[in-house]
Amino acid sequence: MMNSAITRVQAQYLEALLKAGSFAAAAQTLHISQPALTMQIQRLERIVGGALVNRASRPIQATPLAQKLLPHLLEVLRRFEDLEDAIADQQEHLKGHLHIAAIPTIAPYLLPTILPKLVDAHPDIQMDIEELPTEQLLEAILQERVDVGIMALPISHSLQHLDILPLWTERLWVYHLEGACQSAVTLDALKKWPTYLLAKGHCLRDHVMGLCDPTVSTQRQGLHYQSGSLETLMRLVDHQGGITIIPDMARNQLSKAQQAANTSAIASDLAQRQIVIVFKHTLQKKRLLEALRIGTLSYLQSHA
């Protein structure tokens with residue numbers, strides 16, 4: 001029987017230690033002294049009756065005992081965080097922390113525009129941002145490593161465990177050499193062009209493969225090139241010819257002259273994607289979520 005209660009601080013310190021991989025790095029992350037961290041871990045080990053970390057390994061690893069206990073400790077920590085979020089959500093003054101992930105075909109176009117305005121409007125909120133491909137983004141939300149994700153539909157993955165907040169629908173465009181295509185391109189014509197794709201794991205890649213015939217056309221081109229960046233694919237088209245498919249967000253970054261000369265509409269209702277915010281239904285940060293939604297819609301208004 002345990003001779004004292006496990007504290008939230010001890011659970012937080014163990015999580016930080018295993019993430020950081022060393023006592024020194026974890027202490028720095030937690031903004032405490034290394035002896036203070038060591039003392040709390042030792043107290044926790046006495047309570048549970050065994051070692052929780054292998055101090056001889058580099059980086060430090062969880063022992064079998066810790067591996068059994070850690071899911072329960074982390075679940076308790078997440079529920080404490082939910083309680084704090086629920087309390088903060090009831091305050092008159094908006095504050096708190098929101099961890100946002102966005103897919104790479106959205107993040108560089110949307111986030112630099114909206115986030116500074118959000119922080120200026122609400123100086124007591126903190127936002128952590130990262131770019132993740134769709135599959136990793138969804139996994140991070142389900143594991144509660146990220147609060148919300150900004151992504152695009154359609155996708156092949158199931159979203160049954162997540163809530164979806166629709167934002168807007170944007171068109172997809174053909175990017176090509178100047179004057180290479182007509183102002184509107186049919187799907188039949190699109191399949192004849194050498195097409196350059198985003199790397200596997202990007203939802204836009206899967207969408208484009210449903211519009212084009214990339215396997216055949218890239219073989220004709222004699223070059224099979226995949227990237228995680230739309231900008232890289234557009235530069236490839238500039239130098240090698242062929243086409244790539246870009247969304248409104250990327251097209252908006254081009255000059256009016258480039259939009260007219262280097263992009264063409266796709267004559268199909270399939271050539272569009274829906275921008276959405278996804279999150280777990282247990283998320284307590286409703287007001288922060290609403291602030292993010294309003295901020296993203298302000299982007300749409302500024303580019304109307």
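The values are calculated or read from the model by the stated rules, or taken from the named source; none is laboratory data. All values derive from a computational prediction rather than experimental measurement. Glycine also receives a Cβ, built like all others from the backbone with ideal geometry; neighbour counts cover every protein chain displayed.
Listed values, structure above:
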quantity	calculated
Scope region 135-149; condition in contact with a Leu (Cβ under 9 Å, 6 or more places away or on another chain) and either over 25 Å from residue 76 (Cβ atoms) or crowded, with 17+ Cβ neighbours inside 10 Å (or both); matching residues	138, 140, 141, 144, 146, 147, 148, 149
Number of the condition not met by residue 120 [criteria: (1) more than 12 Å from the chain's Cα centre (by Cα); (2) assigned to a strand (DSSP E or B)]	(2)
Per-region count, region 271-304, residues among the aromatic types (Phe, Trp, Tyr) and within 24 Å of residue 172 (Cβ to Cβ)	1
Exclusive hit being more than 30 Å from residue 145 (Cβ to Cβ), surrounded by 15 or more Cβ atoms within 10 Å (Cβ to Cβ), in contact (Cβ under 8 Å) with a residue 24 or more places away in the chain and in contact with a Leu (Cβ under 8 Å, 6 or more places away or on another chain), set 246, 266, 275	266
Only one of 284, 301 that is of a type outside the set (D, E, K, R) and free of Cβ contacts under 8 Å to residues at least 60 places away in the same chain	301
Of all residues in region 123-166 being assigned to a loop (DSSP other than H, G, I, E, B) and of a type in the set (Asp, Glu), the one that is modelled with the highest pLDDT	147
Helices (runs of 4 or more DSSP H) wholly inside region 205-290 that include at least 1 residues being at pLDDT below 85 and not hydroxyl-bearing (Ser, Thr, Tyr)	214-221
